[in-house]
Amino acid sequence: MPLSMPVLESERLILRLGDPKDIDSIIHYFTVNQAYLQPFEPQRPDNFLTPGYWAAELEARRQDAVQKRSLKLFIFEQAAPAVVIGAINLNNMIWGVFQAATLGYSLAAAKQRQGYMSEAGSQLIRYGFEVLNLHRIMANYMPHNQRSANVLKRLGFEIEGTAKDYLFINGGWQDHVLTSRINPDWRLNHS
């Protein structure tokens, strides 16, 4: 059964897939926050900040959502529903005996320390557990990224260990602290 295209709303936020009309706002978000996000993200292709890249990327994201491979949403404020302020994803959805995904996120530098990521994370985790019936959501952060550690702790993630040279981030292999949260209400015969 294909995944419906969710629009998740909270008191202050809207989380949804990007549409072609969002391309300028998406490019603006990544341009303005490029220096801030760079230490925490993989290297981007040369055409990353172009409309052509994002037209193809948004279609790929829609297909991944339909096929239940990932769910990559943008974060908007209720007060400004056309301005991207962040991104939050359930990546690498694996079904069968695993029933898991990996949480990833980013937030504009100007929107830090306002509780937005905890609010967005709560909405996406609830969707992942209640609608998708994932058993496990994992999230990983670099040991020096205390803000991310704090967000994950607030969201109920537990540390499971550390992986050496785990991801190739910002031009080099980076250690990561591995965390997860288990769905206490997982159902075997969820349709």
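For the reader, a short list of remarks on this structure follows.
- Picking from residues in the stretch 164-191 that are part of a strand (DSSP E or B) and farther than 18 Å from P39 by Cβ, the one that is farthest from the chain's Cα centre (by Cα) is K164.
- Options R154, R181; residue that is under 23 Å from G121 (Cα atoms) and open to solvent by less than 100 Å² (accessible area, probe 1.4 Å): R181
- Selection within the stretch 119-148 - assigned to a helix (DSSP H, G or I), open to solvent by less than 70 Å² (accessible area, probe 1.4 Å) and either farther than 25 Å from W186 by Cα or not hydrophobic (A, V, I, L, M, F, W, C) (or both): E119, G121, S122, Q123, Y127, G128, S148
- If you go through the stretch 44-60 and keep only what is outside any loop (DSSP other than H, G, I, E, B) and either open to solvent by 50 Å² or more (accessible area, probe 1.4 Å) or hydroxyl-bearing (S, T, Y) (or both), you end up with P51, G52, Y53, A55, A56, E59.
- Residues that are in a loop (DSSP other than H, G, I, E, B), loosely packed, with under 13 Cβ neighbours inside 10 Å and among the aromatic types (F, W, Y) occur at least once in the stretch 96-114.
- Test for L3: is it over 30 Å from G172 (Cα atoms), part of a strand (DSSP E or B) and either among the aliphatic types (A, V, I, L, M) or at pLDDT 95 or above (or both): no
The values are calculated or read from the model by the stated rules, or taken from the named source; none is laboratory data. Worth saying up front: this structure is predicted, and the values here are computed from it rather than measured. Don't worry about glycine lacking a Cβ; one is built from the backbone with ideal geometry, like all the others, and counts go over all protein chains shown. These area figures cover heavy atoms from the full protein model, side chains too; ligands, DNA and RNA do not enter into them. Shrake-Rupley method; radii C 1.70, N 1.55, O 1.52, S 1.80 Å.
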